[in-house]
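Beneath this line is the structure, given in structure tokens, with notes to follow.
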Amino acid sequence: MKKSKNGKLGTLGKNDYFDEMEPLQLELNDLARWLVHTGKRLMVVIEGRDTAGKGGVISAIADTLNPRQCRTVALARPSEREQSQWYFQRYVPYLPAAGEIALFDRSWYNRAGVERVMGFCTEQQTKEVVQHSFCNFPDH
């Protein structure tokens, strides 16, 4: 971790924070313009337990971007119908198109990681999400 001007490791004062963020936000906007120019797409997945700060990170990223190009995806608990589908399937409509950025507040990876560790899904459900999503992801 980088030392802040006050000499503490891993902490930044408010002014230091804004000094650090400004060039990063400019670089992020350059990336957003490049995505539009090249037709590429960007998906950012923020994972973590509840109250880990995922929303704050997503806000820090999204606040500087054009909302027509960047969207946040935070899906609620799966419906009964969605529970009968592949777990990955409910995320497909939210994947970014050419020139877009999608910021995911959790994703299908959550089923294979956090949900399994926390006891929210069975071993079989974990195997299914790995088989259906990780092994068959398109090469775009």
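What the table shows:
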item: Per-peptide average of other Cβ atoms within 10 Å, ordering 20-29, 88-97 highest first; result: 88-97, 20-29
item: Magnitude of the charge dipole, the stretch 14-134, Cβ model with Lys/Arg +1 and Asp/Glu -1, debye to 20; result: 500 debye
item: Length released on extending from R71 to Y17, taking residue separation times 0.36 nm less the Cα-Cα span; result: 17.0 nm
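Bear in mind these aren't lab numbers, they're just calculated from the coordinates by the rules spelled out. Because the structure is a prediction, the values reported are computed rather than measured. Please note: Cβ atoms are built from the backbone with ideal geometry, for glycine as well, and neighbour counts cover all protein chains shown.
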